[in-house]
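Please treat every number below as a calculation from the coordinates, not as lab data. Worth saying up front: this structure is predicted, and the values here are computed from it rather than measured. All Cβ positions, glycine included, derive from the backbone under ideal geometry; neighbour counts span all protein chains shown.
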Amino acid sequence: MAGRWGRISADERAAEDLVDFGEVPPAVNEILQEGVALHRHDRAAADAAFRRALALDPTALATWFCLYKIHTYSGDLDAALAMAEGGLAEAARQTNLGADWAAWRAEEIDLAGPGRFALYTLKALAFIRLRRGESAEAARVLARLAALDPTDAVGASVVAAIAEGVALHRHDPPL
């Protein structure tokens, strides 16, 4: 709420800067918020905060998300891949899907909660594979994701378009 002269208080500003991680334990949320704030200026400290949150509650999917995002952004694609695979495994466990995403069926996946996270993380996995130069594996993930999410609820078509652009670029004749 705006103060007397249209200014917002420091507490209101801080509340606006918080990320909504959904339903996570308060202690995990506090550590994730700390990690987000640290990410802006100290990625190593942010990574340490996110890993503390993961150690506190490895079932909190938001923590896996933070970890694969921070490593993807920083270019540490090995760590990003490991975190995306870990988050995908946890989401599969929470939704009673098998460990092999290639065997999942669309009708088994609820596009809310952990099911949506599983599909979103598959999209991230495709992007990470693409960034690692593993275009065939990225294409395999994207093809499966298209079958699992025919309405493109998680926006995998964006990564598919990037993959197509990468493929076209690789086949361009030399200038």
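Could you tell me how many degrees, from 0 to 90 and to the nearest 10, lie between the Cα long axis of helix 114-131 and the main elongation axis, the longest principal axis, of the Cα atoms of the chain? Helix 114-131 sits roughly 60 degrees off the main axis of the chain.
The alpha carbons of the range 103-161 stretch over 31, 18, 17 Å along the principal axes, in descending order.
The angle separating the long axis of helix 135-148 from the principal Cα axis of greatest extent in the chain is about 80 degrees. The simple spin-label model puts a point 7 Å past each Cα toward its Cβ; for Val158 and Ala146 those points are separated by 1.9 nm. The packing ranking, built from the mean of other Cβ atoms within 10 Å per residue, places the peptides 153-166, 94-107 in the order 153-166, 94-107, highest first. If you run the Gaussian network model on the chain, springs between alpha carbon atoms under 10 Å, then out of Pro26, Pro58, Pro150 the most flexible one is Pro26. The long axis of helix 61-74 is offset from the longest Cα principal axis of the chain by roughly 70 degrees.
Listing Arg40, Arg131 from fewest to most neighbouring C-beta atoms within 10 Å gives Arg40, Arg131.
Taken along the Cα-to-beta-carbon direction at a fixed 7 Å, the label points for Gln94 and Glu30 span 2.1 nm.
Here the dipole of the chain is about 340 debye; that uses its Cα centre as origin and unit charges on the Cβ of Lys and Arg (positive) and Asp and Glu (negative). Here the gap between Asp78 and Ala136, fully extended at 0.36 nm per residue and compared with their Cα-Cα distance, gives a gain of 19.2 nm.
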